[in-house]
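Quick notes on the structure that follows.
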Amino acid sequence: MADLQTKSWIFLAIAFSSKIELANVKAISDAADYINHSIPTQEEMQSSINWLIDKKLITGNQNKYGLTETGKKLYSNASNKGNTIIYILNQIEKNIQNYA
């Protein structure tokens with residue numbers, strides 16, 4: 001999986017798993033498995049989370065993560081245009097390129 005695809009995948013997993021409250025790594029990993037039928041490696045999770053925090057798309061607090069206001073807008077824009085997971089993931093990947 002390409003680097004931006006991985007970041008988009010983890011971003012979407014965080015969006016799904018933190019809708020009610022900040023999500024821990026297990027919840028994010030479970031959501032990622034649901035999205036892609038694959039469990040992210042520790043390296044994929046950590047590098048994506050660090051990159052997403054650096055770009056201010058997610059926030060982290062005591063190993064729990066959620067979307068920032070910018071991240072919520074990115075997710076909202078992607079999900080408002082379509083309702084399938086693959087469509088939303090592709091839209092996130094297109095938009096996340098602006099942060100690379």
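Quick note: the coordinates plus some simple rules give every number you see, no bench work behind them. Because the structure is predicted, anything quoted here is derived from the model rather than measured. Every residue, glycine as well, gets a Cβ built from its backbone with ideal geometry; the counts of neighbours run over all protein chains shown.
Using only the Cα atoms of the chain, each taken as one equal point scatterer with no solvent, compute I(q) by the Debye sum, divide by I(0), and report log10 of the ratio at q = 0.17, 0.21, 0.23 Å⁻¹. Relative scattering, expressed as log10 I(q)/I(0), comes to -0.64, -1.04, -1.29.
Taking the square roots of 5 times each eigenvalue of the Cα gyration tensor of the stretch 16-69, largest first, gives ellipsoid semi-axes of 17, 13, 9 Å. Of the GluC sites (Glu not before Pro) found in the stretch 1-53, those that fall in a DSSP loop while having at most 16 other beta-carbon atoms within 10 Å are 21. Considering only alpha-carbon pairs that sit under 8 angstrom and 6 or more positions apart, the relative contact order computed for the chain is 31 percent.
Sequence-ordered 3J(HN,Hα) estimates for the stretch 4-16 from the Karplus curve with 6.51, -1.76 and 1.60 and θ = phi - 60° stand at 5, 5, 5, 4, 5, 4, 5, 4, 5, 4, 5, 4, 5 Hz, glycine and proline given as x.
For the stretch 18-26, putting each phi into the Karplus relation 6.51 cos²θ - 1.76 cosθ + 1.60 with θ = phi - 60° gives couplings of 10, 5, 9, 8, 4, 9, 7, 4, 4 Hz, in residue order, rounded to whole numbers and with x for Gly and Pro.
Annotation: amide H of residue 24 within the under-5 Å range of 65, sequence separation 5 or more or interchain, hydrogens built in the peptide plane.
3J(HN,Hα) along the stretch 72-82: 5, 5, 4, 5, 4, 4, 5, 7, 6, 8, x Hz, from the Karplus curve 6.51 cos²θ - 1.76 cosθ + 1.60 with θ = phi - 60°, whole Hz, x for Gly and Pro.
Scanning residues 5 or more positions from residue 18 or on other chains, none has an amide H under 5 Å from its amide H, with H placed 1.01 Å from N in the peptide plane. The alpha carbon centroids of the stretch 26-100 and the stretch 6-21 are separated by 4 Å. For residue 58, the amide hydrogen comes within under 5 Å of the amide hydrogens of 53, 68, counting only partners 5 or more places away or on other chains and with H modelled in the peptide plane.
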